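Down below is the structure, laid out as structure tokens.
The values are calculated or read from the model by the stated rules, or taken from the named source; none is laboratory data. Source: prediction; values computed, not measured. Here the Cβ positions follow ideal geometry from the backbone for every residue, glycine too, while neighbour counts run over all protein chains shown. When the accessible area is computed, the model is the full protein with side chains, heavy atoms only, and any ligands, DNA or RNA have been set aside. Shrake-Rupley method; radii C 1.70, N 1.55, O 1.52, S 1.80 Å.
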Protein chains: 2
Amino acid sequence: MARLAADISSGRLAPGARLPTEQALTEALGVSRTVVREAVAALRADGLVVTRRGSGAYVAEQPAGPFRIAAPRTSVLSDILDVMELRLAVEVEAAALAAERSNRAEVGAIRNAWRAIDGALRKGEGAVAEDFAFHRAIAEATGNSQFPRFLTFLGSHVIPRQSVRLSVDTSAERRAYLERIQHEHERIVAGISHRDPAEARRAMREHLTRSLERYRKLAEGEKHGRG
Amino acid sequence: MARLAADISSGRLAPGARLPTEQALTEALGVSRTVVREAVAALRADGLVVTRRGSGAYVAEQPAGPFRIAAPRTSVLSDILDVMELRLAVEVEAAALAAERSNRAEVGAIRNAWRAIDGALRKGEGAVAEDFAFHRAIAEATGNSQFPRFLTFLGSHVIPRQSVRLSVDTSAERRAYLERIQHEHERIVAGISHRDPAEARRAMREHLTRSLERYRKLAEGEKHGRG
DNA sequence: CTTGTCAGGTTGTCCGACAGATTTAGATGA
DNA sequence: TCATCTAAATCTGTCGGACAACCTGACAAG
């Protein structure tokens, strides 16, 4: 399967070209047809090949595999930072687009998400899920479905590690930190509801930049402290 | 396969939970084991489940599927615009990061890519590949590998349709358009090599915004003209 | 309580077979 | 000579059975 994928993405197998038949692959690779079928099934799932019953398997016209992010095992802190930078790029623009295009209902959804964070903080909870829902509401308000989709994708790779950061703080520090975050959120909401893209952009950028810097310091400490 | 994927992403099957055995699924769904195996293989390829030989199949701890973009059949013009907006968000930030962090070699690579476009234009070619290589060189110069990876992914979904835009112009218009593009590129290069993130950001934003606006007008014309 | 053994269950792979669909070559006719 | 139909040959999709490798839990022995 890896071999076929390499042949395709490298261009050795041109788009539209016909793959060897399953029987030919069986003989060439010395494995059973079951294994060959499973391999081309994986390629088809990634959109790299299309199969036509009775005819054969062909390289897709636009061989565009999905976008993946390295598995957790290779996700050292520096990789997380890279993903967070990508997230910053997307969210900063999303805030500006939301300020330009959001309708009343979408602004209301953002406000509700903000209040949900407030409620969680009052109960002394971490509000990780609420925080993500807030950012997601902004992405929804862009009117561009790719933004919330991509943000959800990135979130599933970054969110699980946010708890690490929180655990190092004491309870008092943690509370102060969360309240400052909420204040940053407030400024973003103001920028969007005032239809001020530049302000929304600035506020979101500062918010995420601070988050990124905190994480970067943590990464430095980790590097010097343990490894 | 769709049913299992829905059960997982909706949370009905909690992370770490064990899937029904292949035999159980064959009986429940009324299909052979071959089909069941192909379905769970697709899920495993997407990272939603992990299988352990002799034990069973389990929902992944962090069920994070890959990021896909709708297949070409649903890619009407408005979808392309959505993807282009996402690309704008990423590239604008990439230009700024490149201005901050790029080393001499990376700036040289960007310059070479720019000259390659120039050469293609002089030969009267379209320079689509060279244009993409230029943007990719900037993404590389961020030092964040996620940027070029994501840009390549987006490019494979957007690039194939750029030729549509060019084909509507006459030869003279086309030449003037390409030279204006190249002038915009020049400004981006200047911003990056002068280590001016704000200017690089502005230049890239204007460059891509214009491209987006052109495409948007085309979409409007398409909508009113044909359908 | 720990360790070794064993039986049952589960996934990974192999094999053979057939149905559905496509392609190709040959036959047929004008 | 060319077009058209037909039948055979391929090829993928699915089915069923089988065995190996492996894991799990129970049970007996120490």
**Request:** Return only the number of the condition from (1) open to solvent by less than 20 Å² (accessible area, probe 1.4 Å); (2) free of Cβ contacts under 8 Å to residues at least 60 places away in the same chain; (3) away from DNA strand D (no atom under 16 Å from the Cβ) that B:A39 does not satisfy.
**Result:** (3)
**Message:** Please go through (1) small (G, A, S); (2) open to solvent by less than 40 Å² (accessible area, probe 1.4 Å); (3) more than 14 Å from chain A (Cβ to nearest Cβ) for B:G54 and return the number of the only condition it doesn't satisfy.
**Reply:** (2)
**Message:** Looking for something in contact (Cβ under 8 Å) with a residue 12 or more places away in the chain, surrounded by 14 or more Cβ atoms within 10 Å (Cβ to Cβ) and small (G, A, S) - is there at least one such residue anywhere in the stretch A:17-32?
**Reply:** no
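When you scan the stretch A:16-33, how many residues do you find that are more than 14 Å from chain B (Cβ to nearest Cβ) and either part of a strand (DSSP E or B) or more than 7 Å from DNA strand D (Cβ to nearest atom) (or both)?
Of the residues in that region, 11 qualify.
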**Request:** Report, by residue number, each residue of the stretch B:102-117 that is more than 25 Å from B:R174 (Cβ to Cβ), of a type in the set (D, E, K, R) and surrounded by 15 or more Cβ atoms within 10 Å (Cβ to Cβ).
**Result:** B:E106
**In the stretch A:170-195, residue modelled with the highest pLDDT [restricted to those that are more than 26 Å from the chain's Cα centre (by Cα) and either open to solvent by less than 90 Å² (accessible area, probe 1.4 Å) or not basic (K, R) (or both)]** = A:H194
**Fill in**
The condition from (1) modelled with pLDDT under 95; (2) of a type in the set (A, V, I, L, M); (3) open to solvent by 20 Å² or more (accessible area, probe 1.4 Å) that B:I80 misses is numbered (3)
**Message:** Filter the stretch B:1-46 down to the residues that are away from DNA strand C (no atom under 14 Å from the Cβ) and of a type outside the set (A, V, I, L, M) and list them by number.
**Reply:** B:R3, B:D7, B:S9, B:S10, B:G11, B:R12, B:P15, B:G16, B:G30, B:D46
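For B:E61, are the conditions met, namely being more than 10 Å from DNA strand C (Cβ to nearest atom), open to solvent by 50 Å² or more (accessible area, probe 1.4 Å) and at pLDDT 85 or above?
no
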**Asked** Is it fair to say B:A120 is touching a Pro at 6+ places or on another chain (Cβ under 9 Å), more than 14 Å from every other protein chain (Cβ to nearest Cβ) and either in contact (Cβ under 8 Å) with a residue 12 or more places away in the chain or crowded, with 17+ Cβ neighbours inside 10 Å (or both)?
**Response** no
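Considering only residues that are surrounded by fewer than 16 Cβ atoms within 10 Å (Cβ to Cβ) and among the basic types (K, R), which ones fall in the stretch A:196-211?
Scanning the stretch A:196-211 gives a single hit, A:R210.
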**Single unsatisfied condition, A:L77 versus (1) over 30 Å from B:D79 (Cβ atoms); (2) away from chain B (no Cβ under 11 Å); (3) within 16 Å of DNA strand D (Cβ to nearest atom)** = (3)
